[in-house]
Amino acid sequence: MAQQTITCGVSQMPVVGLGTWQSKEGEVGAAVEHALRNGYRHIDCAMVYQNEEEIGKAFNKVFTEGKVKREDVFITSKLWNSYKRAEEVPKACEKTLKDLQLDYLDLYLIHWPITFIPGEGLFPTDADGKFKFDDKKPDFKETWTALEKLVEEGKVKNIGLSNFNKTQIDEVLSFAKVKPASLQVESHPFLPNLELLEFCKKQGIAFVSYSPLGNPGSAFRREDQKNLLEDDDVKKIAAKTKKSPGQVLIRYQLEKGNAVIPKSVRNSRIDENLDVFGFTLDDTDMNTLNNLYKKIGEKGYRTCAVVHWSGHDFYPFKDEL
């Protein structure tokens, strides 16, 4: 079954993918296998999720069976904060390719603008528990140029950004020889990111929503966080369309022309999250969802704000502090 796609650089990205953030070892492999065998053709990964090796075994198993071909699946991974220096970028990519048992990635993103000191693990901290930022401060151009070399070498087809703000994206656009193909950011009705979405559309950058359900079960929940799946307006639209609240929130992203990567390790939920193409949301529904954030504040809120990195020069959400 061919899935709806959006343009992502030189590729076509299926609009619904399986997210793997916070998917535990011992569960994520089976989830990826089930997803691929049941219609998913887009899998989102990252080194820092610390589950790429298990996902790689799932890829190898499914692709070896032959019913799903590698070239028919869009696979994303991300460059972590500890690998921003030019000489570190290829090391990170090689590890991801080895762990995922792949020859190439369809999309490789800079996961965050933040830079950690290299060689001291994924989360280097000092004696006081504070994160150790890279004192060499490799800038975006250094990292991006190294990513462009990966494209030249055929190790990645497209490169892009994650968790960058508009000013930071503009900076990358000012020197990029290979244009960012995609921006992946948190987006849901409590944080619709409409201005950033409009900017990406004008620039021809594919917009991918992570945490589209508002992170209801995240280990990083805010103290004041509300359950978006239990919102009365979301439930009313779900009843009207005869779909679940989760399906409504995923369809909300598709109506805006975005791709979306909901995470689950439950087979029934994985299937449900893909069953979003047989209905639409009307203008009234979209207007309601676009303005839902006003229930909780002037700008809504971000569930993945990583405020413990806010002291870094490149922290992307300073205007929200």
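The values are calculated or read from the model by the stated rules, or taken from the named source; none is laboratory data. It should be emphasised that the depicted structure is a prediction, and the values quoted were computed from it without experimental measurement. We place every Cβ from the backbone using ideal geometry, glycine too, and count neighbours over all the protein chains shown. For accessibility, only protein heavy atoms count, side chains too; no ligands or nucleic acids. Shrake-Rupley method; radii C 1.70, N 1.55, O 1.52, S 1.80 Å.
Summary table below
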| read-out | value |
| --- | --- |
| Leading residue by the ranking (surrounded by the most Cβ atoms within 10 Å (Cβ to Cβ)) among those in region 12-30 that are more than 17 Å from the chain's Cα centre (by Cα) and modelled with pLDDT of 95 or more | 29 |
| Whichever residue in region 248-261 is in a loop (DSSP other than H, G, I, E, B) and touching a strand residue (DSSP E or B) at 6+ places or on another chain (Cβ under 6 Å) and, among such residues, is farthest from residue 197 (Cα to Cα) | 261 |
| So residue 108, is it among the aromatic types (Phe, Trp, Tyr), touching a helix residue (DSSP H, G or I) at 6+ places or on another chain (Cβ under 7 Å) and assigned to a loop (DSSP other than H, G, I, E, B) | no |
| Criterion (open to solvent by 30 Å² or more (accessible area, probe 1.4 Å), assigned to a helix (DSSP H, G or I) and free of Cβ contacts under 8 Å to residues at least 60 places away in the same chain) met by exactly one of 243, 235 | 235 |
| The one condition in (1) assigned to a loop (DSSP other than H, G, I, E, B); (2) over 20 Å from residue 148 (Cβ atoms); (3) β-branched (Val, Ile, Thr) that residue 178 fails to fulfil | (2) |
| Index of the failed condition, residue 7 passing every other in (1) hydroxyl-bearing (Ser, Thr, Tyr); (2) outside any helix (DSSP H, G or I); (3) open to solvent by less than 60 Å² (accessible area, probe 1.4 Å) | (3) |
| Residue within region 143-152 that is open to solvent by 10 Å² or more (accessible area, probe 1.4 Å), over 22 Å from residue 206 (Cβ atoms) and either among the acidic types (Asp, Glu) or free of Cβ contacts under 8 Å to residues at least 24 places away in the same chain (or both) present | no |
| Restricting region 153-167 to residues that are open to solvent by 70 Å² or more (accessible area, probe 1.4 Å) and in contact with a Leu (Cβ under 8 Å, 6 or more places away or on another chain), the residue that is farthest from residue 185 (Cα to Cα) | 157 |
| Unmet requirement for residue 319, which otherwise passes all of (1) surrounded by fewer than 18 Cβ atoms within 10 Å (Cβ to Cβ); (2) part of a loop (DSSP other than H, G, I, E, B); (3) of a type outside the set (Phe, Trp, Tyr) | (2) |
| Single condition residue 276 does not satisfy, out of (1) touching a Lys or Arg at 6+ places or on another chain (Cβ under 6 Å); (2) in a helix (DSSP H, G or I) | (2) |
| Any hit, region 170-178, residues being among the aromatic types (Phe, Trp, Tyr) and either buried (at least 19 other Cβ atoms within 10 Å of the Cβ) or over 19 Å from the mean Cα position of the chain (by Cα) (or both) | yes |
| Complete set of residues in region 184-203 that are within 15 Å of residue 161 (Cα to Cα) and of a type in the set (A, V, I, L, M, F, W, C) | 185, 196, 197, 199, 200 |
| Leading residue by the ranking (farthest from residue 107 (Cα to Cα)) among those in region 40-55 that are touching a residue at least 60 places away in the same chain (Cβ under 8 Å) and open to solvent by 10 Å² or more (accessible area, probe 1.4 Å) | 50 |
